[in-house]
Amino acid sequence: MKDILPDLCDLYPEHLQIADPVFKSYGKKSHFNGEVVTVSCFEDNSRVRELVGTPGKGKVLVVDGGGSVRRALLGDMLAEKAANNGWEGIVIYGAIRDVAAQSQVNLGIHALNAHPMPTEKRGLGEVGKTLKFAGITVQPGDQIYCDLNGIAVAKQPLAMPKH
């Protein structure tokens, strides 16, 4: 395990936005970072399903689910698909499900909470949109850094501290 956020905050305080501490870590990877790919969807994970099926090396999928914890936007099968396609992690401003299974997937996963109900698949959602939630603004191409201390966003890649 690594604490990367405290060091980044010490080194680059003027370059970081820090998300409100409302997220929990669910994935096997306790720390992850990468280039942001955004999707906005409310209780419909159709776009999430599409994106995790694409190559994601060096990328983190950031999902604005409107803060809803009534439907899970990510389950174990989609998490496995994301890991198999090289995604570094997924941040969801919403809920996930299959918590025990997802804890074994080699992926970073941060979400608000868990809920067992799946979403409806209506093909709704927007990819590549600027997102605003939890006190931060996230744009496609931003860099996101996540660990057990929280989530930070920067406009450009930051040199990671050596431990």
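Read-outs throughout are calculated quantities, based only on the coordinates presented, and are distinct from any laboratory measurement. This structure is a prediction, so every number in the text was calculated from the model and none was measured. Please note: Cβ atoms are built from the backbone with ideal geometry, for glycine as well, and neighbour counts cover all protein chains shown.
Taking every DSSP beta bridge that has both residues in the chain, what percent is antiparallel when rounded to the nearest 5?
Numbers: 19 of 39 bridges.
Just about 50 percent of them are antiparallel.
Compute a Gaussian network model of the chain, connecting alpha carbons closer than 10 Å, and tell me which residue from Leu107, Leu74, Leu131 fluctuates the most.
Leu131
So what is the calculated 222 nm ellipticity per residue for the chain, using -39500 (n - 2.57) for each DSSP H run with n of 4 or more, over all residues, to the nearest 500 deg cm²/dmol?
Values: 4 runs with 27 residues, N = 163.
Mean residue ellipticity, 222 nm, calculated: -4000 deg cm²/dmol.
Got a sec? Charge dipole of the chain, +1 on Cβ for Lys and Arg, -1 for Asp and Glu; which of Tyr93, Gln139, Leu74 is way out at the positive end?
Leu74
Under 10 Å, Cα contacts only: if you run a Gaussian network model on the chain, which one of Lys59, Lys29, Lys129 comes out with the highest mean-square fluctuation?
Lys129
Could you tell me which residue out of Cys41, Gly53, Asn106 lies farthest along the dipole of the chain toward its positive end? Charges go on the beta carbon: Lys and Arg +1, Asp and Glu -1, centred on the Cα centre.
About the Cα centre, the residue reaching furthest to the positive side is Gly53.
Please check: in the Gaussian network model of the chain (C-alpha springs, under 10 Å), which one of Asp64, Asp20, Asp142 has the largest mean-square fluctuation.
Maximum among the listed residues: Asp20.
Under a Cβ-only charge scheme (Lys and Arg +1, Asp and Glu -1), can you give me the dipole magnitude of the chain about the Cα centre, in debye to the nearest 20?
360
Is there a pair in Lys81/Lys129; Lys2/Lys129; Lys132/Lys155; Lys24/Lys132 whose C-alpha atoms are over 20 Å apart, and which pairs would that be?
Lys81/Lys129; Lys2/Lys129
I'd like the distance between the alpha-carbon centres of segment 39-69 and segment 79-113, rounded to an integer number of Å.
Taking the Cα centre of each part, segment 39-69 and segment 79-113 sit 11 Å apart.
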